[in-house]
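Take a look at the structure set out below.
Coordinate-derived values only; no laboratory data. Since the structure is predicted, the reported quantities are computational estimates derived from the model, not experimental observations. Here Cβ is always computed from backbone atoms with ideal geometry, including for glycine, and neighbour counts include all displayed protein chains.
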Amino acid sequence: MYFLDNQLAQQIVDRTMAIIGHNINVMNSQGVILGSGEPHRIGSTHEGALLAISQNRTVELNSASAASLQGVKPGINLPLHYQGEIIGVIGITGEPEHLKAFGELLKMTAEMIVEQANSLDVAQWRARQQEEFILQLIKPEGRDLNHLKIWAQRLDIDLEMPRVAAVLRISDDAGDELANSQLKTVLHLLETPSRGNLIAMTSMTELVILKPAFLDGKAWSAEAESLRIDRLLKRLPSELNARLKISLGHYFPATMDINRSYQTALETLNFGQQLHPEQSKYLYEDHALLVMLSGLKHDWRGEQLLRPFQRLIDRDKNALLRKTLASYLGHFGDQQACAKALFIHRNTLRYRLDKIAQITKVDIQKLDGLLQLYLGQVLLSRGQDQG
């Protein structure tokens, strides 16, 4: 059952009075005036409307008959219907013989306004429900899978469709309000056309996209998805493109593992922004090792793994040694290239490397030692940046 409210009733009044030069009243299913060209009448009961509702017919009242009813002026009162139910009455003030030509036209106009408003309400409700469903679907834990399946059926969402998650983030350096406005611009582009994407805003500056994984209908292709992201970036205004970052997560064959795909996309974005801030697109495949190991950070194994670099952080107050280590790792242990990049003598570089080895108690001449410091550099530095 659909109910009229004051706002919609007044909208009907304003739009229909623009058609004819007569006062219009809109009453609810109890005969109470909700909207009127005569505002002082709003809230009063219209007995002519009650008669039209009770008899489900158009009621014409001339000056003589109107005088015998409370809150009534001469005019025509027509029942308003929605999906076969009477939801109210539209009344036109004036002598009935002059108004008959307008009656059905105004009734049809009013009912079309009601139907349009209800369609918008349904669409907005569905959009809110779908967004909340997506947020529940990507939760890392505590999901009620049976409830999600029932919810998906109600929203006509195919949970069995293979999907992969992408995360899109807008820089908020110009303020959350601008970032949110730009994010909605991107959201509109993604929905036009939708291509089967499920999209939800996870914050004022970030949204998640659950994309159909099989572009060719047969197999997952990270390369094909990467090209599609490139096409999206080209569609964006240049000023927005410069502030946007997007990452593509890992594809998991089990459809209910989409939350894991989301977590990998989120971690990929965080690592990508830290390691390559100049880029706009980050793929899980390019950061897979770091993403997979990031979960160890708060585990005892991870604490042991990161302890050497933590010692370097504690002792390296001006970050000189960490900068040296970062360059050394970036040049894959090539001392000559590293020294040149840092504008220092190779002897100075060797001294710093020896200092790093002494503090961390790690042999940086061995691959496992370098790997341990590399992981510490990325995981702990990221933690400090975000903290």
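Note down the net charge around I258, summing +1 for each Lys or Arg and -1 for each Asp or Glu among other residues with Cβ under 14 Å from its Cβ.
Combined, the nearby Lys, Arg, Asp and Glu give +2.
Report, in listed order, any pair from K139/K366; K340/K361; K139/K323; K234/K340; K281/K323; K149/K184 with a Cα-Cα distance greater than 31 Å. Working shown, then result.
Numbers: K139/K366 40 Å; K340/K361 26 Å; K139/K323 37 Å; K234/K340 37 Å; K281/K323 25 Å; K149/K184 28 Å.
Where the Cα-Cα span goes over 31 Å, the pairs concerned are K139/K366; K139/K323; K234/K340.
Please work out the FRET efficiency for the pair H345 and R311, using the Cβ-Cβ distance as r and a Förster radius of 25 Å; give the result to the nearest 0.05. List each step's numbers first, then the result.
Values: r = 26 Å, r/R0 = 1.05.
Efficiency, from the Cβ-Cβ distance: 0.45.
Expressed in nm to one decimal, what extension gain is obtained for the pair S203 and R228 from 0.36 nm per residue of sequence separation less their Cα-Cα distance?
My answer for the length gained is 6.6 nm.
Per 0.36 nm of contour for each residue apart, how much would the distance between N56 and A357 grow if the chain were fully extended, relative to their Cα-Cα spacing?
99.2 nm
Among N6, A101, H250, whose Cα projects farthest towards the positive end of the dipole of the chain, with charges put on the beta-carbon of Lys, Arg (+1) and Asp, Glu (-1)?
H250
What are the principal axis extents of the Cα atoms in region 299-386, in Å, biggest first?
39, 26, 20
If I take R0 = 35 Å and measure r between the Cβ atoms of I20 and N118 in this structure, what FRET efficiency does the formula 1/(1 + (r/R0)^6) give, to the nearest 0.05? Don't jump to the answer; show the numbers that get you there.
On the way: r = 25 Å, r/R0 = 0.71.
Given R0 = 35 Å and the Cβ-Cβ separation, E is 0.90.
What does the net charge come to around H147 if you take all other residues with beta carbon closer than 15 Å to its beta carbon, with K and R at +1 and D and E at -1?
Charge balance in the 15 Å sphere: +1.
Between R143 and E177, with labels modelled 7 Å along Cα→Cβ, what's the label distance in nm to one decimal, could you check?
The answer from the label model is 3.7 nm.
Counting other C-beta atoms within 10 Å, which of V26, V208 has the fewest, and how do the rest follow?
Working: V26 28, V208 24.
By the 10 Å Cβ count, ascending, the order reads V208, V26.
Out of all Cα-Cα pairs in the chain, roughly what percent, to the nearest whole number, are more than 26 Å apart?
Of all Cα-Cα pairs in the chain, 67 percent lie more than 26 Å apart.
So what's the angle, to the nearest 10 degrees on a 0 to 90 scale, between helix 346-360 and the longest Cα principal axis of the chain?
That works out to roughly 70 degrees.
If I model a spin label as a point 7 Å beyond the Cα along the Cα-Cβ vector, how far apart are those points for H331 and Q129 in nm?
6.2 nm
Could you list, bin by bin from short to long, the percent of Cα-Cα pairs of region 162-292 in 5 Å steps?
With a bin width of 5 Å, the distribution comes to 2, 11, 22, 25, 22, 12, 5, 1, 0.
Say a site is exposed when it is one of the chymotrypsin sites (Phe, Trp or Tyr not before Pro), sits in a DSSP loop, and has at most 12 other Cβ atoms within 10 Å; what is then the longest site-free stretch of the chain?
In short, 4-331.
Starting from 0.36 nm per residue, how many nanometres of slack lie between L371 and L187 once their C-alpha separation is accounted for?
Working: separation 184, 0.36 × 184 = 66.24 nm, distance 3.94 nm.
Taking 0.36 nm per residue and subtracting the Cα distance, the gain is 62.3 nm.
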